[in-house]
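A short worksheet on the structure shown next.
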Amino acid sequence: MKLFLDTANLQFIKKWAPTGLIDGVTTNPTHLSKEGADPTKQVMEICTIMKSYGDVSVEVTEQEPETVYKQAHAIAKLASNIVIKVPCSKEYYEVIKRLVADGIKINSTLVFSLEQSLLMAKLGAAYISPFIGRLDDIGVDGLHLIGEIRSMLDLYEFESKLLAASLRTVSHVHGVMLFGTDIATIPVAIFEKMMEHPLTEKGIEKFNVDWQKLGVKKFP
Ligand code: E4P
């Protein structure tokens, strides 16, 4: 299972990418807007940091299909490790098909149903990104969808990877792990929370206290 960071923040990407735990980054217009920097420069910097660790998903921001197609090509030229995010909307199906034929890796974003996932798998999207938290927001069990998409991709032997997105809690990460996601893209705050367990800290303290009682100066 791969872990991506769901952020456009350079400081956090620099901090966590070299640990060997991070396999990619997902950005979106909200993340880039939050950073406030020139988005082209920001994306290129993220791609440089991630060069030896994994790919970087960057979303199109144009609306009209032909312009989206051209923008996708322009974004893809910024770096060799870019994956283009295109919203899973019917007006972009043809664009996705053409981009896949052009050899551009597509992350199909804003996916909310099994049916949409099937369509994106058939179009050859490299990643299918169901938004768990946003489904929970409207009272639908987002985690259940991960299990359904997993079964569908395996049953029909599609090559698309399942990328669980819009994860808002450590429990979401726990759930998508058990439902067999290929990738979880995780906000930095949730990623940092995943590392903590009070019993680990307590255990280290106790071992340390007990070890001091032995009074040895050199070991081994
Ligand atoms: C990642 O690809 C998505 O854009 C992101 O996870 C969306 O998260 P949100 O629903 O919390 O905005």
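The values are calculated or read from the model by the stated rules, or taken from the named source; none is laboratory data. The shown structure was predicted, so the numbers you read here are calculated from the model rather than taken from an experiment. Counting neighbours? That spans all protein chains shown, and the Cβs are built from the backbone with ideal geometry, glycine included.
For this structure, a couple of remarks:
- When each of V56, V86, V95 is tested for being buried (at least 17 other Cβ atoms within 10 Å of the Cβ), in contact with a helix residue (DSSP H, G or I) (Cβ under 7 Å, 6 or more places away or on another chain) and closer than 23 Å to V170 by Cα, the lone residue that passes is V56.
- Comparison of V68, V95, V100, V60 shows that the only residue that is modelled with pLDDT of 95 or more, within 16 Å of the ligand (Cβ to nearest atom) and not polar (S, T, N, Q) is V60.
- Restricting attention to the stretch 147-197, the residues that are touching a Ser or Thr at 6+ places or on another chain (Cβ under 6 Å), of a type in the set (V, I, T), within 13 Å of the ligand (Cβ to nearest atom) and within 21 Å of A125 (Cβ to Cβ) add up to 1.
- Selection of the stretch 73-83 for residues being farther than 20 Å from P130 by Cα and either touching a residue at least 60 places away in the same chain (Cβ under 8 Å) or touching a helix residue (DSSP H, G or I) at 6+ places or on another chain (Cβ under 9 Å) (or both) yields H73, I75, A76, L78, A79, S80, N81.
- Among the conditions (1) assigned to a loop (DSSP other than H, G, I, E, B); (2) under 14 Å from the mean Cα position of the chain (by Cα), the only one that K217 does not satisfy is (2).
- Residue in the stretch 118-136 that is part of a loop (DSSP other than H, G, I, E, B), within 16 Å of the ligand (Cβ to nearest atom) and crowded, with 23+ Cβ neighbours inside 10 Å present: yes
- Options K51, K34; residue that is away from the ligand (no atom under 16 Å from the Cβ), at pLDDT 95 or above and of a type outside the set (A, V, I, L, M, F, W, C): K51
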